[in-house]
Each structure stands twice: as C-alpha cells, then as structure tokens.
Amino acid sequence: MNASAPALHALDLRRRFTHPSGDVEVLRGLELSVHAGELVTVAGRSGSGKSALLALLGGFDSPDSGRVLLAGQPLGDAPPWHTCAVLPQALGLATELTVTENVALPLRLNPGGPRAESEIDARVRELLDGLGVAALADRYPGEVSFGQQQRVALARAVSARPKVLLTDEPTSHLDGGSIPAVLRLLRRCADEGTAVIVATHDEEVHAIADRRVRLADGVLSAV
C-alpha cells in the first residue's frame, strides 16, 4: 500500500435528497481516503447511501457541500476512464457495440494507452478470458445474460488500468462459480496500484479487502 497522498480523498461530503415525505440527508459530513494499491469495501444496509456515495466519488453527482480530490486535484464531472472508472449497478454497456468493442472502448479513448490494435486486442482477450466470458466476444449485450453483462462491464471498467476504480455490488448477479474470477481481478487491480472502492453486501468481497468500512446514518466507520 502506498503511504503517499491518497489517490482519492473525500472531505466533509454532504448530500440531501428531496422526497414527497420530506428531505433525507443521506451523507452527513462523510470522510474517506483511499490510497493507490488499496482495496476498500463499503458495507451498509440497502438504502444507506452506498450508491449515492459512489456517484459523488465518480463525478456523476455533486455534493451539497464538501469536495472530492483525485490525486490531490478537485474532481471534475465524470473524469476519463483511465483516471476513474466506474462499474455501476446500471451497467451502461453500449448496446450497439459487441462485447469486445465495449471492453476496448476505454483503451481507444485513453490518449496515453496502447495504440497498436494488437495491444488492445491482447488486453481485451486477457480480461475476457480471466472472467470466463471470452466465448461472448462477438455478441452484443442484449444477447447475453445480466450476470455475463456484469462481468463484461467490469472488464470494460478495468481495461485502461484506472488510477481509481469504483464498483457497486460487482457480484450481485453472479452465480457462485463466477465470483472467484471477479474477486481475483479486483484484488489484482489493487495489487497493480489502482485504488479500488467496492460497495457490497457480499462477505466474499469483504474478505479480500485491505480495509472495510460501514456506512450508517450518513457517516463511515471502520469495521
């Protein structure tokens, strides 16, 4: 684990949502620091705000107050994939692209990434093989199961070796036989220097973490 400045640092995050029954403050001055090479899991009951937190950390939503820093710099709106990649529960695969094309997309959009088609193809094949979905390479997202789509979306998220990886329930739609491959990939990403944050109910995911925190009443506490 890197003892230098955090790859991701959330400071005093507050987020309130308006409902017909009244406002709900989901995050109340939340603090979180995650270093390069660290895998942190976030536990918490459904509705505790885990997905809301990841949306703020990934730049898909803005806090009512507080801020998020990536490598010491203020977070912009939806940073590029090689800086901060996200695996949301709504997977967002491009339906008009094949599995291979979806996974390759962040590599093609990364100006500092591999330029040769052979390098891109090799990286995509490596990820699809490792996640057990290589046979689906030429299919479209609508032609595979949701659990298979989830693994493809994870491959897409990690393909450009992002500095920060945010994943929301990455094993929620997988059968038991598919989970070990996902755990190996998440652990490998951290071991190779990515700061990995995983919101999950899955004890198997928590078991591979360097650190586990719990979100309750809008704040994080160590577990």
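Any idea what angle helix 146-158 forms with the longest principal axis of the chain, computed on alpha-carbon atoms, 0 to 90 degrees, nearest 10?
80
Hey, what's the Cα Rg ratio for region 53-158 versus the globular rule of thumb, 2.2 N^0.38 Å?
Numbers: Rg = 15.0 Å, N = 106, 2.2 N^0.38 = 12.9 Å.
After normalising by residue count via 2.2 N^0.38 Å, the value is 1.16.
In whole Hz, what ³J(HN,Hα) sequence does region 167-174 give by Karplus (6.51, -1.76, 1.60; θ = phi - 60°), x for Gly and Pro?
10, 10, 6, x, 10, 5, 10, 9
Give me D for region 136-206 in µm² s⁻¹, whole number, from Stokes-Einstein with Rh from the Kirkwood sum over alpha-carbon pairs, 37 °C and 0.692 mPa s.
Details: Rh = 12.7 Å.
The diffusion coefficient I find is 259 µm²/s.
Dipole magnitude of region 1-66 about its Cα centre, charges +1 at Lys/Arg Cβ and -1 at Asp/Glu Cβ only, in debye to the nearest 20?
Numbers: 6 positive and 7 negative charges, 34 e Å.
Dipole magnitude for region 1-66 comes out near 160 debye.
Whole-Å semi-axes of region 33-101's equivalent ellipsoid, largest first, each the root of 5 times a Cα gyration tensor eigenvalue?
22, 17, 14
Which one, Gly112, Leu127, Val99, projects farthest toward the positive side of the charge dipole computed for region 62-216 from Cβ point charges (K/R +1, D/E -1)?
Most positive-ward Cα: Gly112.
Compute the distance in nm between two label points, each set 7 Å from the Cα along the Cα-to-Cβ direction, one at Phe146 and one at Asp129.
So the label points at Phe146 and Asp129 sit 3.1 nm apart.
Taking the alpha carbon gyration tensor of region 90-223, what are the square roots of 5 times its eigenvalues, largest first, to the nearest whole Å? Don't jump to the answer; show the numbers that get you there.
Values: eigenvalues 136, 60, 35 Å².
After scaling each eigenvalue by five and taking roots: 26, 17, 13 Å.
What is the helix-to-structure angle for 99-109, meaning the angle in degrees between its Cα long axis and the longest Cα principal axis of the chain, kept from 0 to 90 and rounded to the nearest 10?
So the inclination is approximately 70 degrees.
Only bridges whose two residues both fall in the chain count here: according to DSSP, what percent of them are antiparallel, nearest 5? Intermediate values should be presented prior to the final figure.
Working: 21 of 38 bridges.
Given both bridge residues lie in the chain, the antiparallel proportion sits at roughly 55 percent.
What is the helix-to-structure angle for 117-130, meaning the angle in degrees between its Cα long axis and the longest Cα principal axis of the chain, kept from 0 to 90 and rounded to the nearest 10?
Long axis of 117-130 versus the principal axis of the chain: about 70 degrees.
Taking θ = phi - 60°, what integer Hz values does the Karplus form 6.51 cos²θ - 1.76 cosθ + 1.60 yield along region 70-78, in sequence order, with x for Gly and Pro?
Working through the residues one at a time gives 10, 6, x, 10, x, 6, x, 6, 6 Hz.
Just Val213, Val68, Val40 to compare: in a GNM of the chain, with alpha carbon springs under 10 Å, which one fluctuates most?
Val213
Pull out the extension gain between Ser4 and Glu31, defined as 0.36 nm times the separation in residues minus the alpha carbon to alpha carbon distance; nm, one decimal. Let's see the in-between values first.
Values: separation 27, 0.36 × 27 = 9.72 nm, distance 1.76 nm.
8.0 nm is the gain from fully extending Ser4 to Glu31.
If R₀ is 22 angstrom, what is the calculated FRET efficiency for the pair Ser118 and Asp138, using the beta carbon separation as r and rounding to 0.05?
Details: r = 18 Å, r/R0 = 0.82.
About 0.75, to the nearest 0.05.
What is the calculated FRET efficiency for Leu109 to Phe60, with r their C-beta to C-beta distance and R₀ = 22 Å, to the nearest 0.05?
According to the calculation, E is roughly 0.80.
Amide H to amide H under 5 Å from Ser65: which residues, 5+ apart in sequence or cross-chain, H placed 1.01 Å off N in plane?
Correct list: Arg14.
In debye, nearest 20, what is the charge dipole magnitude of the chain about its Cα centre with +1 on Lys and Arg Cβ and -1 on Asp and Glu Cβ, if you could check?
Details: 22 positive and 27 negative charges, 74 e Å.
I would put it at about 360 debye.
Where a number appears in this text, it was derived from the coordinates with a stated rule and is not lab data. Please read all numbers here as calculations on a predicted model, not as lab measurements. Ideal geometry is used to build each Cβ from the backbone, glycine not excepted, and the neighbour counts take in all protein chains shown.
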